[in-house]
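First comes the structure, then the notes that go with it.
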Amino acid sequence: MTSFVALLRAVNVGGTGKLPMSDLKDICEELGFGTVRTYIASGNVLFDSPAPVATVRAALEARLQACAGKPVGVFLRNAREMQAVVGGNPFPDADPRLTYAFFLHDPPPQDLLAGVRGHSDEQIRSGRREVYIHYPGGMGRSKLRLPATAVSTARNLNTVRQLATLCVHQA
């Protein structure tokens, strides 16, 4: 049995993709996932499953698309991987509210900064399957556009730390 964190893309953020967390919990339980719980209303759900990661992701994406009527990106990490995201933060002294992990399906490209636009004072670093960005002036004020994060979902390091802790305690 593996403990997973599923991070959904564009759910309950900025008035788009409304999905009550109680519905997300029900969907996961209907799919046969165990020990299901959500964390804050931004598309974070923790659960256990014996199925391989690809099977879990495909089942959850299909069910969410049927519910939402459009594709919903699902980024999965297990407890060990979530701990690695926390430990891999290249900006440990920066404010965790202003530091984000962008979760990807695959490793970031070697040419991470190719095509970057609007870069100012943001610091950008690659992770294993994440891109870390520290926004000294805040993410909302940034004009940064990074093609490598076009298909991703972001969480600030406070949220990442909390999810990692919850996932470990769930395991």
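Nothing in this text is a laboratory measurement; each read-out follows from the coordinates by a stated rule. Every value quoted in this text rests on a predicted model; they were computed, and no experiment measured them. FYI the Cβ positions are ideal-geometry reconstructions off the backbone, even for glycines, and counts take in every protein chain you see.
Descriptive notes on the structure:
- Neighbour counting of Cβ atoms within 10 Å sorts the residues Phe4, Phe75, fewest neighbours leading, into Phe75, Phe4.
- 3J(HN,Hα) couplings calculated from phi for the range 81-93 with the Karplus curve 6.51 cos²θ - 1.76 cosθ + 1.60 (θ = phi - 60°) are, in sequence order, 5, 5, 4, 5, 5, 4, x, x, 4, x, 10, x, 8 Hz; Gly and Pro show x.
- Shape category assigned to the range 118-161 from the gyration tensor of Cα positions, a/c cut at 1.5: oblate
- Seen against the Cα atoms of the chain and their longest principal axis, helix 21-30 is set at about 50 degrees.
- Acute angle (nearest 10 degrees) that the helix 157-170 long axis makes with the longest principal axis of the chain, alpha-carbon atoms: 30
- Choice from Ala154, Ala114, Ala59 with maximal GNM fluctuation in the chain (Cα, 10 Å cutoff): Ala114
- Rounded, prolate or oblate (a/c below 1.5 giving rounded, otherwise prolate when a/b exceeds b/c) for the range 48-88 by Cα gyration tensor: oblate
- Spatially proximal aspartates and glutamates relative to Lys70 (Cα-Cα < 15 Å; intrachain offsets below 8 disregarded): Glu61
- Between the residues Thr159, His119, Leu76, the greatest Cα displacement towards the positive end of the dipole of the chain, with unit charges on the Cβ of Lys, Arg, Asp and Glu, is found for His119.
- Formal net charge of residues neighbouring Leu64 (Cβ-Cβ distance under 13 Å; K, R +1; D, E -1): +2
- Each Lys and Arg Cβ is given +1 and each Asp and Glu Cβ -1; about its Cα centre, the chain then shows a dipole of about 280 debye.
- Dipole of the chain, positive direction: furthest Cα of Ile133, Thr55, Leu146, with charges on the beta-carbon: Leu146
- Whole-Hz couplings from phi, Karplus 6.51/-1.76/1.60, listed for the range 75-80; x for Gly and Pro: 10, 9, 9, 8, 4, 5
- Gaussian network model of the chain, Cα within-10 Å springs - most flexible of His105, His134, His119: His119
- Amide N of the range 137-160 lying under 17 Å from the label point, which is placed 7 angstrom from the Cα of Ser120 along Cα→Cβ: 137-146
- For the range 32-171, the relative contact order is 26 percent, taking Cα pairs closer than 8 Å that sit 6 or more residues apart in sequence and dividing their mean separation by the residue count.
- Global form of the chain, assessed from the alpha-carbon gyration tensor, a/c cut-off 1.5: prolate
- On Cα atoms only, tilt of 53-68 relative to the major axis of the chain in degrees: 90
- Under Karplus coefficients 6.51, -1.76 and 1.60, residue-wise ³J(HN,Hα) of the range 126-138 in Hz, glycine/proline x: 7, x, 5, 9, 9, 10, 9, 9, 9, 10, x, x, x
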